[in-house]
1. Mind checking which residues of region 348-362 are buried (at least 18 other Cβ atoms within 10 Å of the Cβ) and of a type outside the set (A, V, I, L, M)?
2. Can you find a residue in region 47-59 that is over 25 Å from the mean Cα position of the chain (by Cα) and not acidic (Asp, Glu)?
3. Pull up region 276-286, narrow it to residues that are touching a Phe, Trp or Tyr at 6+ places or on another chain (Cβ under 9 Å) and of a type outside the set (A, V, I, L, M, F, W, C), then point me to the one that is surrounded by the fewest Cβ atoms within 10 Å (Cβ to Cβ).
4. Could you grab me the full set of residues in region 170-185 that are in contact with a Leu (Cβ under 8 Å, 6 or more places away or on another chain) and free of Cβ contacts under 8 Å to residues at least 60 places away in the same chain?
5. Return yes or no: is Gly297 on the phi > 0 side of the Ramachandran plot and more than 21 Å from the chain's Cα centre (by Cα)?
6. For the list (1) in a loop (DSSP other than H, G, I, E, B); (2) free of Cβ contacts under 8 Å to residues at least 40 places away in the same chain; (3) out of contact with any strand residue (DSSP E or B) (no Cβ under 9 Å at 6 or more places or on another chain); (4) within 30 Å of Thr172 (Cβ to Cβ), I need the number of the one condition that Glu217 fails.
7. Taking region 6-26, which residues are among the β-branched types (Val, Ile, Thr) and assigned to a loop (DSSP other than H, G, I, E, B)?
8. For region 405-419: of the residues being under 23 Å from Pro275 (Cβ atoms) and in contact with a strand residue (DSSP E or B) (Cβ under 7 Å, 6 or more places away or on another chain), which is surrounded by the most Cβ atoms within 10 Å (Cβ to Cβ)?
Amino acid sequence: MTSLKFGTSGLRGLVTELAGPPTYAYVRAFCAMLLEDQAAGPRNQVLIGRDLRSSSPLIAAQCAQAVSDAGLEPVDCGAVPTPALAQAAMAAGSPAIMVTGSHIPDDRNGLKFYRAQGEIDKADEARILAQHAALALAAAPDVAVTAPSRDVIAGYRARYVDFFGRALEGLTIGVYQHSSVGRNVIGDVLTALGATPVALGRSEVFIPVDTEALRPEDVDLAHRWAGERKLDAIVSTDGDADRPLVADETGLFLRGDLVGALTARFLGADAIITPVTSNSALDRPGLFDKVIRTRVGSPYVIAGMMQAKAEGAAIVIGFEANGGVLLGSDVSRGGKRLQALPTRDALLPILATIALARDADKPLSAIAAEARFAVALSNRLQEVPQDRTAALLARLDDEDPSFRDTAFARHGGVAARDRRDGLRLTLGNGTTVHFRASGNAPELRVYVEAPTPEAAEALLAENLAFAAAQTR
């Protein structure tokens, strides 16, 4: 049985099941949908980008061959951040394909599809699957096409240099480079904005940095770098640079939903759209005019942004607990204008969060503390098939009330349940536990909120152990 499936952001699976005929067939199906809708753009070009994992160059070349065989022109944009590719594609009125597995391990990869207007939605995914079945392509030709190249980094860099100006003048910012495809452009932009970037931890092998489930070594590195150097912040991204990591001057990483909220505050958003996994503090009265909660995944956040705009919101910003920010509206600030970019981006929240602290003349740790977020932690159990996660959630929901009550008796039982994405339990003592299956890999995600760091750590450890025991 193949592991390939559309998850929260694109088609993902094992490289052994994606490279070759599967890539060729899915890209041909995507192109068939575009041609059916006459949506291939004014020049019939499809832009193709990739991240730095070992399999991405080959898969990108197979994408180009499939695009060419479909009668369209592939354009090679090279190794680029996903949002840089999306920005260039939307500006050109062209569809695009990003070859990336984001934060998942190097033995996996994926395809992220864009129409000229932005990333595809769930209805488009269904149509691609239908075209895939209709074409029934079981083989792929050898790669023979040579695609013309295009620079999309310059426009992405200019987007933020023009808007932020010298907003970070005098700051020293560590850049945890690892294997992020955005590692060079982040340093370039920081320099242009007046900061001094300090390159840290560059790797020539792929490192699966997950902004929602940081590896202990990443946490330790940030603390060590902060102790060794006088840094105002440490920043990084996941593999394809659409999810940010921001640590304060002590090396403590800010949760992604806090980074998203600070970005929304910097830009003056009157409506935020965010999944149910984001911090409950976002629903505090008076913080934002409108808060729309969604399922996890950028297609759901984009749908929520469209809803907010239809309801009259002026500045609409979406973000996820992983920190990726989607800008749903053009924004003006200080006489400068930033165009909407309704796809996950890491660079905007990195810059906006640090600029907010710079404007307030406060350390980043103080800005984070003022937000008064609940202490929220998350982690994952890897190699847990989705059917086992589904069985656990069913038992915790309506299937076995006595099991649920016994499992959380020491926390006052279960006071409320939210089924929008997985199962989010509000416990009798006011803490929360949320279980959900990852949409991108065979993983069970566990999210908790509690009043203190110690309570949150204990609650997370307890429920990771509980879930592990139940899904063996």
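The values are calculated or read from the model by the stated rules, or taken from the named source; none is laboratory data. Predicted model, so just to flag it, every value in this text is computed and none were measured. So basically every Cβ, Gly included, is an ideal-geometry build from the backbone, and we count neighbours across all protein chains shown.
1. Initial filter on region 348-362 (buried (at least 18 other Cβ atoms within 10 Å of the Cβ)): 348-358.
Hits for region 348-362 are Pro349, Thr353, Arg358.
2. Initial filter on region 47-59 (over 25 Å from the mean Cα position of the chain (by Cα)): none.
No, there is no match, as no residue in region 47-59 is over 25 Å from the mean Cα position of the chain (by Cα) and not acidic (Asp, Glu).
3. The initial filter retains those residues of region 276-286 that are touching a Phe, Trp or Tyr at 6+ places or on another chain (Cβ under 9 Å), namely 277-282.
Subsequent filtering for residues that are of a type outside the set (A, V, I, L, M, F, W, C) retains 277-280.
Values: Thr277: 25, Ser278: 28, Asn279: 23, Ser280: 16.
By that ranking, first place goes to Ser280.
4. If the condition is that a residue be in contact with a Leu (Cβ under 8 Å, 6 or more places away or on another chain) and free of Cβ contacts under 8 Å to residues at least 60 places away in the same chain, then Gln177 is the only one that fits.
5. Numbers: on the phi > 0 side of the Ramachandran plot: yes; more than 21 Å from the chain's Cα centre (by Cα): no.
So Gly297 does not fit the description; no.
6. So the condition that Glu217 fails would be (1).
7. If we filter region 6-26 for residues that are among the β-branched types (Val, Ile, Thr), which is where we start, we get 8, 15-16, 23.
Result: Thr8, single match.
8. Of all residues in region 405-419, those under 23 Å from Pro275 (Cβ atoms) come to 408, 414-419.
In the following step, the residues that additionally are in contact with a strand residue (DSSP E or B) (Cβ under 7 Å, 6 or more places away or on another chain) were identified as 408, 414-418.
Working: Phe408: 22, Val414: 20, Ala415: 14, Ala416: 10, Arg417: 13, Asp418: 14.
In this case the residue turns out to be Phe408.
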